[in-house]
């Protein structure tokens, strides 16, 4: 076994290698165009046709991005709502199967992916009400009624 004093390890960092390492760790901000391109690529792999549109809410001050398919079916629709840190892409592997026999709506929640990023109240009760109001307006905007 070598004596610890005999083993030397040297690290050589150049100015550029430090910068390159930091760049790899930096957060890459994704803008609307990048999200649109990524979503388009994802939907190109599907067999079913999916459309998408912005549903205006809160007196047209915000929008909820909604993707849909098979709207001519008379079966009960399914509405997909992602959790925090998600988006429509979460269902990419199951969208074809889900849309095979019923209407499918997948929404990007307010503040996520391609939907508007509203500034909610600092009061938790009011913020929750604002969020629910946006979802309700979005539901009505895509034609999902209480029937």
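Some points to look at:
- In the stretch 90-104, the residue that is farthest from the chain's Cα centre (by Cα) out of those that are within 15 Å of residue 46 (Cβ to Cβ) and part of a loop (DSSP other than H, G, I, E, B) is 100.
- Subset tally (residues that are assigned to a helix (DSSP H, G or I) and exposed (fewer than 12 other Cβ atoms within 10 Å of the Cβ)) for the stretch 105-135: 4
- Any hit, the stretch 66-89, residues being part of a loop (DSSP other than H, G, I, E, B), in contact with a helix residue (DSSP H, G or I) (Cβ under 8 Å, 6 or more places away or on another chain) and surrounded by fewer than 18 Cβ atoms within 10 Å (Cβ to Cβ): yes
- For the stretch 20-56, a residue qualifies if it is at pLDDT 85 or above and not in a helix (DSSP H, G or I), and the qualifying residues are 45, 46, 47, 48, 49, 50, 51, 52, 53, 54, 55, 56.
The values are calculated or read from the model by the stated rules, or taken from the named source; none is laboratory data. On a predicted model such as this, the values are computed, not experimentally measured, just so you know. Quick reminder, even Gly has a Cβ in these numbers, built from the backbone with ideal geometry, and neighbours come from all protein chains shown.
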